[in-house]
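Written out below as structure tokens is the structure these notes cover.
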Amino acid sequence: MNGAEAVVESLKREGVKHIFGISGGAALPLYDALVQPTAKDITNILVRHEQAAAHMAEGYARSSGRVGVCIATSGPGATNLVTGIADSVLDSTPLVAITGQVATRVIGTDAFQESDIIGITMPIVKHSFQPRSPDEIPWMIKAAFHIASTGRPGPVLVDMPKDISEAKLKEFIYPEEVHLRGYKVTREAASADIEKAAELVDKAKKPLLYVGGGLVSTDAHNELLALVDKIEAPVTTTLMGRGAFPDSHPMCLNMLGMHGTAYANWAVRDCDLLIALGVRFDDRVTGNLARFAPNAKVIHVEIDPAEIHKNRYAEVAIQADAKDALKKLHDAVKPAKHPEWRQQVLQWKEEQPLRYKKDGTLKPQYILQELADITRGEAILTTDVGQHQMWAAQYYPFNRPRQFLTSGGLGTMGFGLPAALGAKFANPDQEVWLVSGDGSFQMHLQELATSMIYQKPVKIALFNNQHLGMVKQWQDMFYGERYSGVQLKNVPNFKKLAEAYGAVGITVNKPEEVRPAMEKAREVDDRTVLIDFHYDPKEHVYPMIPSGMSVDEMRLQPDE
Amino acid sequence: MSNNPHSVKNGNGSLRKHTISVLVENKPGVLARVSSLFARRGFNIASLAVSSTEDSEISRMTIVTQGDEGHLEQVIKQLNKLIDVITILDHTEDDLISREVALVKVHATVDNRSEIMQLATVFRGEVVSLSPREETMILEVTGEEDKIEAFLESLSKFKVIEMVRTGKIALVRGKRMT
């Protein structure tokens, strides 16, 4: 067995079923190992750009909870993975990226297709490995999966020099477990911390839960529901936390932050206890930190100690897995009712719901409401980045975790289509919709080919306003409507583009065409369908708390 | 920030120097991971010394960083996230034996040579090289940072040609480990 075969055998031992990537010179031994009969349980998906391979692996991982795997050759193949790796570190996605590398004897000589991918990715990986002997490989792959999937999940890079891939192992021994003395994961909440937290919860008059991606990655939604029902506290989620708490629950306040609902942001302003679960007080959530939750004590439950006290001091810090902490907190608190607080929050929800101007023209928010209705809120939704992303987060009702896949931390345009395909590979029986924009979609539209060839049909709702809409919105609001580098114009013809790939294309211009187009899209089950929705570029995302400001400066949808 | 009761601890914003010992796996690339982290997070390195330890698999980095308490807390927590970092000890409050070494090349003529040598003696320094024809002398001094600073200060009246100085190394007095 050579090094490359040892990599593939190790992937099998880790239960890997799909890998996404593109081959090349230094990756040839790895790809040769993937066509051996012993590798038949692993589907090797040839994509059209390595960055898309990384995002596909991310979509696969986020929708399934399993580690996503992508592969690329050395040099440009490896550097093309960089944005996907950065995306996964910021959104804490378990990812193992395998790269080919030039042979060890020429490393450092600027050999053909050489790039120092270990050095390039150092600030954006959880860890990286480069074996110097084929016998190190089984241990390294085991360690890579262990590191990627435990604690705060994240990306691990394994860089495979070509000569190491080709060299023979003495013996293949796959370790049962790996011991890393510099890597200790605390999972269990300390009982002293739980007691202190329970004391704050019992005393609180206006508790609020602020829930993020950490809750999704620990599958702690049932524990969250139990706690919420016991202490009658409203819940707001971050962008990454959408779906961690069901929108159908009366105490759900939807998203908080820059484009969060008015009622969520008002609840943050007025709460006296903020229970922060698997969140990192990101600037898009807090705005001006000094004025964020100004009346609240904070309980911060977080697996990554570096996030605790980083942006906001926590009166009680619980460094633990959210699931364990929630279970224990649930048992430690007294049942409570907060009728006045509940009444207040419900009143805000009624007074200032998400709304938009209905003037008979096609509105993006309407498209999402129709999509929610026709899919009964059950589809897996992926998005790209921009206005459409915020509308999708606001208007689509998410009722289960891993249902909403979006690029939150890095804000990567182009994430959506590959992520949708990754989700479809992991969940072939589920309906997967991509909500994208005309700007973002053009960053990875080549993956339409992957969807056709591997028969992974997804539905694409393209929000086409012929602009980089969110940038235009900022230029409208803060740069005196001086449009600079945002006009995409009406190119290409997306219907024809879809058809060129063998997919179905539909163009929609009027509200009454939305429903029939979606019905038609849902009838097609053997091909990807793209619906090109054209609407007014003047439409803005509301509410909005401008960058660095607070809830007091929140701008609501203007009344006409 | 300092007026905000919710802000992270900032120890009155005082920019103290903190000495930390970082025990790391003795593997290629570890120094790059540590220095890359300092660069990316905007942490400052006032001094850095890397050495072997009594265990051949472990290296020690003695790092002096300057910043407030919140800064130090982040430095330590972020370093802890590196897989190759085994333990970190903050010696801010410890009773430390610390040393730096400086080598200083000075222009030394027949007239001022003895004065320079006297000065070195005061600081328990040594003359490690003397080239009368080229009128240079290299002095070595070992000690805590303050002593090195004072030595350099008193040498400033002479013509210093070049100077090199190590990072700080330190051990905690007594049984407590560094």
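What follows draws every value from the coordinates through simple rules; no lab data is involved. Keep in mind that what you see is a predicted model, and the values were worked out from it rather than measured. Note that each Cβ is placed from the backbone with ideal geometry, even for glycine, and that neighbours are counted across all protein chains shown.
Which net charge results for the neighbourhood of residue A:475, defined as the other residues with beta-carbon distances under 9 angstrom from its beta-carbon, given Lys and Arg at +1 and Asp and Glu at -1?
0
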Counting only backbone N atoms under 12 Å from a point 7 Å out along Cα-to-Cβ of residue A:400, the residues of segment A:430-470 in range are A:430-431
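Using a Förster distance of 45 angstrom, determine the FRET efficiency expected from the C-beta separation of residue A:195 and residue A:343, and round it to 0.05.
Numbers: r = 30 Å, r/R0 = 0.67.
In this case the efficiency is close to 0.90.
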Per residue, the convex hull enclosing the Cα atoms of segment A:364-541 spans a volume in Å³ of 106 Å³
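Given the pairs A:206/A:323; A:349/A:424; A:297/A:424; A:40/A:142; B:27/B:175; A:203/A:349, which are separated by over 32 angstrom at their Cα positions? Intermediate values should be presented prior to the final figure.
Details: A:206/A:323 23 Å; A:349/A:424 35 Å; A:297/A:424 42 Å; A:40/A:142 20 Å; B:27/B:175 28 Å; A:203/A:349 25 Å.
Going by Cα-Cα distance, A:349/A:424; A:297/A:424 fall outside the 32 Å limit.
Report the calculated FRET efficiency for residue A:427 and residue A:331 (r = Cβ-Cβ distance, R0 = 35 Å), to the nearest 0.05.
It comes out at approximately 0.55.
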Partner shielding of B:76-88, as the mean number of partner chain Cβ atoms within 10 Å, equals 5
Toy charge model, Lys and Arg Cβ at +1, Asp and Glu Cβ at -1: segment A:3-166 dipole around Cα centroid in debye, rounded to 20, equals 480 debye
Percent of all Cα-Cα pairs per 5 Å bin for segment A:3-166, counting from 0 up to the last occupied bin, reads 2, 10, 21, 25, 23, 13, 4, 1, 0
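Please state the charge dipole magnitude for segment A:184-341, taken about the Cα centre, from unit charges on C-beta atoms (+1 on K and R, -1 on D and E), reported in debye and rounded to the nearest 20.
On the way: 20 positive and 22 negative charges, 58 e Å.
Rounded to the nearest 20 debye, it is 280 debye.
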Kirkwood Rh for segment B:11-94 from C-alpha pairs, in Å, is 12.9 Å
Per the 1/(1 + (r/R0)^6) rule, R0 = 25 Å and r from the Cβ atoms of residue B:87 and residue B:160, FRET efficiency to 0.05 is 0.05
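Calculate, in nm to one decimal, what residue B:146 and residue B:55 gain on full extension: separation in residues at 0.36 nm each, minus their alpha carbon distance.
Working: separation 91, 0.36 × 91 = 32.76 nm, distance 3.07 nm.
Between residue B:146 and residue B:55, full extension yields 29.7 nm more.
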Checked segment A:277-354 with the C-alpha gyration tensor, a ≥ b ≥ c its square-rooted eigenvalues, rounded below a/c of 1.5, otherwise prolate if a/b is larger than b/c and oblate if not; verdict oblate
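What list do you get for A:32, A:91 if you sort them by fewest beta carbons within 10 Å? Before the final figure, lay out the partial values.
Values: A:32 17, A:91 25.
Taking fewest neighbouring Cβ atoms as first place, the list is A:32, A:91.
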Residues other than residue A:235 with Cβ under 14 Å of its Cβ, Lys/Arg counted +1 and Asp/Glu -1, net out at +1
Between the residues A:123, A:80, A:99, the Cα farthest towards the positive end of the dipole of chain A, that dipole coming from +1 and -1 charges on the beta-carbon of Lys, Arg, Asp and Glu, is from A:123
Mean Cβ-within-10 Å packing, highest first, puts peptides B:140-151, A:229-240 in the order A:229-240, B:140-151
In nm, the gap between the two label points placed 7 Å beyond Cα toward Cβ at residue B:121 and residue A:482 is 7.2 nm
What the Cα atoms of segment B:82-140 span along the principal axes, largest first and in whole Å, is 55, 25, 12
Listing A:159, A:202 by rising number of other beta-carbon atoms within 10 angstrom, fewest first, gives A:202, A:159
Residue A:232 and residue A:103 label points (each 7 Å along its Cα→Cβ direction) are spaced in nm at 7.4 nm
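Hey, what number do you get for the protein assembly as shown at 222 nm if only DSSP H runs of n ≥ 4 count, each worth -39500 (n - 2.57), divided across all residues, to the nearest 500?
-10000 deg cm²/dmol
About the Cα centre, and with charges only on the beta carbon of Lys, Arg (+1) and Asp, Glu (-1), how big is the dipole of chain A? Nearest 20 debye, please.
Working: 60 positive and 69 negative charges, 64 e Å.
Roughly 300 debye for chain A.
Would you mind ranking A:398, A:441 so that the residue whose beta carbon has the fewest other beta carbons within 10 Å leads the list?
Fewest-to-most ranking of A:398, A:441: A:441, A:398.
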In a Gaussian network model of chain B with springs linking alpha carbons closer than 10 Å, the residue among B:49, B:32, B:120 that fluctuates most is B:32
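Determine one quarter of the surface area of the Cα convex hull of chain B, which equals its mean projected area, and express it in nm² to one decimal. Write down the numbers at each step before the final one.
Numbers: hull surface 54.2 nm².
The Cα convex hull of chain B, projected and averaged over all directions, gives 13.5 nm².
With a ≥ b ≥ c taken as the square roots of the eigenvalues of the C-alpha gyration tensor of chain A, please select rounded if a/c is under 1.5 and otherwise prolate if a/b is larger than b/c or oblate if it is not?
Values: a/c = 1.97, a/b = 1.23, b/c = 1.60.
Since a/c reaches 1.5 but b/c is at least a/b, the shape of chain A is classed as oblate.
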